Amino acid sequence: MNQSLYQYILGIADNSLILGQRMGELCGHGPSLETDIACTNISLDLFGQVRSYFQYAADVLGDKTEDDIAFLRKIREYKNVLLVEQPN
């Protein structure tokens, strides 16, 4: 059960992580200043969600920290949907 919950949380977190990075790429390219700031704020909100998900995943798993999950995984261990990886 814990492993299934961990994988589910990781999938949601990785989707938010990649989507936040993609939204961050739009910073400075918006048609107006308000749009640009809005995209940047959405990106920061997504990163905040990712941090919460990683903390929860670390609590569920028990033997890893939030930083281990964020920085010590190999590429194939990411569980995001490929749609969020598509270029803007």
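The values are calculated or read from the model by the stated rules, or taken from the named source; none is laboratory data. Because the structure is predicted, anything quoted here is derived from the model rather than measured. Note that we place each Cβ from the backbone using ideal geometry, even for glycine, and neighbour counts take in every protein chain shown.
Residue-level check: of (1) closer than 25 Å to Gln86 by Cβ; (2) surrounded by 15 or more Cβ atoms within 10 Å (Cβ to Cβ), Ala58 misses just (1).
Among residues of the stretch 56-78 that are farther than 18 Å from Ile18 by Cβ, none has a beta-carbon under 8 Å from a residue that is aromatic (Phe, Trp, Tyr) and part of a loop (DSSP other than H, G, I, E, B) at least six positions away or on a different chain. Just checking, does the stretch 30-39 include any residue being of a type outside the set (D, E, K, R), at pLDDT below 95 and either under 13 Å from the mean Cα position of the chain (by Cα) or within 25 Å of Asn2 (Cβ to Cβ) (or both)? Taking every residue of the stretch 30-39 in turn, none turns out to be of a type outside the set (D, E, K, R), at pLDDT below 95 and either under 13 Å from the mean Cα position of the chain (by Cα) or within 25 Å of Asn2 (Cβ to Cβ) (or both). Any residue at all in the stretch 30-53 that is outside any helix (DSSP H, G or I) and crowded, with 16+ Cβ neighbours inside 10 Å? No, the conditions are met nowhere in the stretch 30-53.
Annotation: of all residues in the stretch 1-14 being surrounded by fewer than 19 Cβ atoms within 10 Å (Cβ to Cβ) and aliphatic (A, V, I, L, M), the one that is nearest to Arg76 (Cα to Cα) is Ile12.
Against the conditions (1) farther than 20 Å from Gln86 by Cα; (2) among the aliphatic types (A, V, I, L, M); (3) in contact (Cβ under 8 Å) with a residue 24 or more places away in the chain; (4) buried (at least 17 other Cβ atoms within 10 Å of the Cβ), Leu17 satisfies every one except (1).
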